[in-house]
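The structure appears right after this line, and notes come after that.
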Amino acid sequence: METKLIKTENDNYAPLCEAAEIIKNGGLVAMPTETVYGLGANGLDGQACRKIFEAKGRPGDNPLIIHICDFESLDRYTNITDINDKELVYKLSRAFMPGPITMVLPKADIVPAEVTAGLDTVAVRFPTHKIARELIRLSGVPIAAPSANRSGSPSPTCAKHVMDDLSGRIEMIIDGGECEIGLESTIIMPKNGMIKLLRPGAITEEMLSEFAPVEKDKAITSKLSAGQTPLAPGMKYRHYAPAIPLISVKGPEDKVISFFRERLSEGHGVLCFEEQISAISEYGGRESIFSLGSRHDAEEQGRMLFGVLRRIDNSSLDVVYSVYPGMKGKELAVYNRLIKACGFEVIEL
Ligand code: TXA
Ligand code: MG
C-alpha cells in the first residue's frame, strides 16, 4: 500500500476530511499529538484496531489508548461505579484534560477487547493538539492510537520518523511538524483515593499529588525481575532495543568528563548535556558526540531524546555512553525512557 502524506496549513483543517474517511472505513492514519505521533484507528472497531498491532508488530497483550475530544466521551467509554473514584477522576480531568495525561479506568462495554487487550480497564486520553482533536471530531469516533513507531523503535516525534517506520504499512500520515513535548503522556490509574503512576510524563508526580497521594509503579525506575509485571503492560517492553548498546554513566562531574574523554578517544560515542560539549569536543568528532539538551531544561531533554536515540541508531558507532539524567519533576519522564533504552545498565564512577 502507498502511504499518503498530508499537511494542514494556517488552521485550515479541510485536508483532514480525507483522513477521517479512512478512520471511518477501518483504515490507519498516523496523527500528530502534543506528546508523540499516534497511529490511529476507529477505537470502536475491533477489526480496525487489530490492523494497528499488525502494522506496528505490537505484541497482542499490550493495550491501546483511546483518544477523545470532549469530556462527555470520558463518561461514554468508561464505567466508574464508585462515587469517590468518580469525584477524583472528575477533579483530575478538569485539571489536566485536555493535555498530556492518560487515565486508566474501568471500561464501558462498548469498548472492544482489541483495544484493552482483554483487560476490564481502558486507557483514555484527551489531547490538546488541534489536528488530533479535529480528526477525532470529524471521524465521530474515539481514535485508538499507540505511538506510531514500529515496535522496538523510539516513539516518533515528527512525520519523518513515522515515515521511516511505517511507510507502506498504513494509509496516511498527517504531518503536523515536531511534537511540542516529545515524550509519551503520563499514565495514571486513579482509584481508592490514590493515584497510581504507571508511566511518567509532562504531568508530574508533584502536580498530581495536589489531588491525592501518588504511588509510583516500580517499573518506572527499576528493572523488573522475572515474574514481576508492571501495571501498564507496555512498560515491560524495552521500547527501544538499540542496535548500538547504550550505557549510562553516573558519578561526580569531573570523573564523568574524564570518562567521556577517554571513551571518545577510543572511538566510542557519548550522549551528553549541552553544557558538557565544550569540555569533551576535542576528544571526538561531531559524529560521535550527541546532545541531550541543557542539563537545566528537562523539557528540552524531553523534546530531544527520541530524535537523538534515532540518530544514534543510524550511526556507525559500536557503543554510546550516556549521561545519567535527574529524577526530579519533569526529569523523571526523561530518566525513565533513557534508563530503559540503556536496559538499566549503569556504570558508577
Ligand atoms: O502520549 C501518548 O500516550 C501517546 C500518544 C499517541 O497519545 N500514545 C502512547 O501509546 O504512548 P502507547 O501504546 O505507545 O503506550 C500506551 C501505554 C502502554 O504502556 C500500555 O500498556 C498502557 O498504555 N495501557 C493501555 N491501556 C492500559 C490499561 N487498560 N491498563 C494499563 N495500561 C494500559
Ligand atoms: Mg509506544
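The values are calculated or read from the model by the stated rules, or taken from the named source; none is laboratory data. All of these numbers come straight from a predicted model, not from anything done at the bench. Heads up, the Cβs are rebuilt from the backbone with ideal geometry, glycines too, and the neighbour counts pull from every protein chain shown.
Sort out which residues of segment 89-102 are away from ligand 1 (no atom under 16 Å from the Cβ) and either farther than 16 Å from N192 by Cβ or buried (at least 20 other Cβ atoms within 10 Å of the Cβ) (or both), and write them in order of number.
Taking segment 89-102 first, the residues away from ligand 1 (no atom under 16 Å from the Cβ) are 90-91, 94-95.
Selection gives R94, A95.
Would you mind stating whether R125 is at pLDDT below 95, among the basic types (K, R), closer than 29 Å to E18 by Cα and within 13 Å of ligand 1 (Cβ to nearest atom)?
Against the criterion (at pLDDT below 95, among the basic types (K, R), closer than 29 Å to E18 by Cα and within 13 Å of ligand 1 (Cβ to nearest atom)), R125 does not qualify.
Taking the stated definitions as given, is E72 over 22 Å from the mean Cα position of the chain (by Cα), away from ligand 2 (no atom under 16 Å from the Cβ) and farther than 26 Å from G177 by Cβ?
For E72, the condition - over 22 Å from the mean Cα position of the chain (by Cα), away from ligand 2 (no atom under 16 Å from the Cβ) and farther than 26 Å from G177 by Cβ - is met.
Quick grid of which residues meet (1) in contact with a Gly (Cβ under 7 Å, 6 or more places away or on another chain); (2) crowded, with 19+ Cβ neighbours inside 10 Å; (3) among the hydrophobic types (A, V, I, L, M, F, W, C):
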{"position": "L271", "(1), (2), (3)": "no, yes, yes"}
{"position": "E275", "(1), (2), (3)": "no, no, no"}
{"position": "M304", "(1), (2), (3)": "yes, yes, yes"}
{"position": "Y324", "(1), (2), (3)": "no, no, no"}
{"position": "A341", "(1), (2), (3)": "no, yes, yes"}
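Of all residues being in contact (Cβ under 8 Å) with a residue 24 or more places away in the chain, outside any loop (DSSP other than H, G, I, E, B) and among the basic types (K, R) in segment 168-221, which is nearest to ligand 2 (Cβ to nearest atom)? Just the residue, please.
Applying the filter and picking the extreme gives R199.
Every residue, every condition in (1) farther than 22 Å from A95 by Cα; (2) surrounded by fewer than 24 Cβ atoms within 10 Å (Cβ to Cβ), yes or no:
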| residue | (1), (2) |
| --- | --- |
| R133 | no, yes |
| A148 | yes, no |
| M163 | yes, yes |
| I170 | yes, no |
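So, in segment 154-193, of the ones that are hydroxyl-bearing (S, T, Y) and either touching a strand residue (DSSP E or B) at 6+ places or on another chain (Cβ under 8 Å) or away from ligand 1 (no atom under 15 Å from the Cβ) (or both), which residue ends up farthest from V36 (Cα to Cα)? Spell out how you get there, then give the answer.
So the first thing to find is which residues in segment 154-193 are hydroxyl-bearing (S, T, Y), and the list is 155, 157, 167, 185-186.
Restricting the remaining residues to those that are either touching a strand residue (DSSP E or B) at 6+ places or on another chain (Cβ under 8 Å) or away from ligand 1 (no atom under 15 Å from the Cβ) (or both) gives 155, 167, 185-186.
Values: S155: 6, S167: 17, S185: 8, T186: 12 Å.
Checked segment 154-193; the qualifying residue farthest from V36 (Cα to Cα) is S167.
Please give the strands (runs of 3 or more DSSP E) falling wholly within segment 237-301 in which 3 or more residues are hydrophobic (A, V, I, L, M, F, W, C) and touching a strand residue (DSSP E or B) at 6+ places or on another chain (Cβ under 8 Å).
246-250, 269-272
Can you report the number of residues in segment 41-65 which are within 15 Å of L119 (Cα to Cα) and either assigned to a strand (DSSP E or B) or without any contact (Cβ under 8 Å) to a residue 24 or more places away in the chain (or both)?
1
On the basis of being within 12 Å of ligand 1 (Cβ to nearest atom), among the small types (G, A, S), in a loop (DSSP other than H, G, I, E, B) and modelled with pLDDT of 95 or more, does S151 make the cut?
no
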